[in-house]
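The next block holds one structure in the form of structure tokens; read it before the comments.
The values are calculated or read from the model by the stated rules, or taken from the named source; none is laboratory data. Just so it is clear, the model here is predicted, and its values are computed rather than measured. Virtual Cβ from ideal backbone geometry, glycine too; neighbours counted across all protein chains shown.
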Amino acid sequence: MGKWGIEGQCIVKHGDYLYMLYSGNACCGGLCDYQVGVARSKSIKGPWEKNPANPILKSNETWKCPGHGTLVNSGNEWNYLYHAYPNYGFPYIGRSALLSLLIWDKKSDWPYFNLSPEDIDPRQLKTGNVDEFDGKMADWWRFDVSTYLPVTEISDSKLRLKDQPIVEGGNMISAMVAVPEYGDFEIQTTIAEVNGVMSGLVYYATKDRSVGFGVEDQQLVVWELNKGDFEVLS
């Protein structure tokens, strides 16, 4: 599995063997080459035998760097819950949770995956998320809690962000974001009031790298935050 070692081990009992699914190689980012292997033993102490067909789950034309999952036995079938990057939009929109059927070979007793195009179609992840802020925030909103403490206020179907920075100084974006599950997406918002703070939409990568549209002094502006330096582009 490469020089990076293994992680995400999941051990289950099937027949006479214990089976360990594990993930290896670089897990994350644009240079990832994550994949899944399996080994088996009749004792938790070993020796463990690796499947000669490893890796049993790897990148394909739709998903990249799958792994770090767990096996679930529903009684009639086994499924593997794991994460992977969609090829379209890789790696900027992050990873998605996937569920794939695990099949046991009747002759060798080794498990394998047989992913069909329908199983790996990313369009099944596309959803229309709408939040009218009618008293409670939707549970798919996300915050960068390493940068600021999220503080929100909702009244009269209006959202106000009052986040507090964890580290003082520098530029701070108070961002409430949704993670898209597909690289082709649209976002819309209505800015209900204009004050001394720029409000709008942001494509948020990190606290130091983002780009967005905002309303400032009754004007629509395009801005960029690059390596911590804020600049209005137009």
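Numbers at a glance
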| read-out | value |
| --- | --- |
| Whichever residue in region 1-23 is touching a strand residue (DSSP E or B) at 6+ places or on another chain (Cβ under 7 Å) and farther than 25 Å from Glu77 by Cα and, among such residues, is modelled with the highest pLDDT | Ile6 |
| Test: residue in region 56-67 that is among the β-branched types (Val, Ile, Thr) and at pLDDT below 95 | yes |
| Output for region 93-110, where each listed residue is under 10 Å from Asn79 (Cβ atoms) and surrounded by fewer than 17 Cβ atoms within 10 Å (Cβ to Cβ) | Leu99, Leu101 |
| Leading residue by the ranking (nearest to Thr189 (Cα to Cα)) among those in region 219-234 that are under 30 Å from the mean Cα position of the chain (by Cα) and surrounded by fewer than 11 Cβ atoms within 10 Å (Cβ to Cβ) | Leu233 |
| In region 162-178, the residues that are at pLDDT 75 or above and within 24 Å of the chain's Cα centre (by Cα) | Ser174, Ala175, Met176, Val177, Ala178 |
| Complete set of residues in region 191-218 that are more than 21 Å from Phe143 (Cβ to Cβ) and either under 32 Å from the mean Cα position of the chain (by Cα) or surrounded by 11 or more Cβ atoms within 10 Å (Cβ to Cβ) (or both) | Val194, Val215, Glu216 |
| Selection within region 205-234 - of a type in the set (Lys, Arg) and assigned to a strand (DSSP E or B) | Arg209 |
| Every residue from region 47-68 that is under 14 Å from Ser108 (Cα atoms) and not in a loop (DSSP other than H, G, I, E, B) | Glu49, Lys50 |
| Residue in region 84-99 that is at pLDDT 95 or above and in the same structural domain as Ile11 (by TED's automatic domain parsing) present | no |
| Contacts under 6 angstrom Cβ, first residue in region 189-201 being in a loop (DSSP other than H, G, I, E, B), partner at pLDDT 75 or above, 6 or more apart | Thr189/Leu201; Ile191/Ser199; Ile191/Val215; Ala192/Lys158; Val194/Val215; Met198/Gly214; Met198/Glu216 |
